[in-house]
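Some notes on the structure that comes next.
What follows draws every value from the coordinates through simple rules; no lab data is involved. This structure is a prediction, so every number in the text was calculated from the model and none was measured. Every residue, glycine as well, gets a Cβ built from its backbone with ideal geometry; the counts of neighbours run over all protein chains shown.
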Amino acid sequence: MPEVCVDASFGLKLVLGEPERPRVRQQWEEWARSGLSIVAPWLWTFETHSVLRQTVVRGDVTDHRARAAWRLLQRQGVRILHPEGVMDRAWELAGELNRPVTYDMVYVALADLRGCELWTADQRLINAAGSRFQWIRSA
């Protein structure tokens, strides 16, 4: 089954009231209509959960709203994957792209290993890797 990889920044745009939300929702619906499977590395679960909690602490959303957003994310059918070699590939990519941390590279590594597009709303990731990997798409 054809698939697409999403990072936390993209998934969070789906459930938080941000300007990109309509565009992200439209893309998500298009994937559903075309039968694409949506995948993410195991990191996605922790990262989205953590960012939602941060929005509460910053006072951007209520605890109730953040919990509702978490439940909505869980219902999106994102397949969480951790294929062999993904962490090694993330390390290699961080070195090749001169990145100080590997967490964003885990998303790139998964998409690379799966041969699918990666969708992100993270401009730093796009700046770092987008010109090298034409299959990285922006929200």
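Just a few scattered comments:
- Normalised by 2.2 N^0.38 Å, where N is the number of residues, the C-alpha radius of gyration of the chain stands at 1.02.
- Nearest-ten-degree value, helix 86-96 long axis tilted from longest Cα axis of the chain: 70 degrees
- Farthest towards the positive end of the charge dipole of segment 3-138, among the residues THR48, GLN134, GLN123, is the Cα of THR48, using unit charges on the Cβ of Lys, Arg, Asp and Glu.
- To the nearest ten degrees, helix 103-114 and the longest principal axis of the Cα atoms of the chain are 60 degrees apart.
- For the chain, the longest principal axis of the alpha carbon atoms and the long axis of helix 63-74 meet at an angle near 50°.
- The residues packed around TRP119, meaning those with a beta-carbon under 9 Å from its beta-carbon, carry a net charge of -1 if Lys and Arg are +1 and Asp and Glu are -1.
- For segment 35-128, trypsin sites (Lys or Arg not before Pro) meeting the loop criterion (DSSP other than H, G, I, E, B) and having at most 12 other Cβ atoms within 10 Å: ARG58, ARG75.
- Cα-centred dipole magnitude for the chain, charges only on beta-carbon of K, R (+1) and D, E (-1), debye, nearest 20: 520 debye
- Percent RCO, i.e. relative contact order, over segment 27-85, from Cα pairs under 8 Å lying at least 6 residues apart: 48 percent
- For the chain, the relative contact order is 32 percent, taking Cα pairs closer than 8 Å that sit 6 or more residues apart in sequence and dividing their mean separation by the residue count.
- Each label point was placed 7 Å from the Cα along the Cα-to-Cβ direction; for VAL101 and ASP63 their separation is 2.6 nm.
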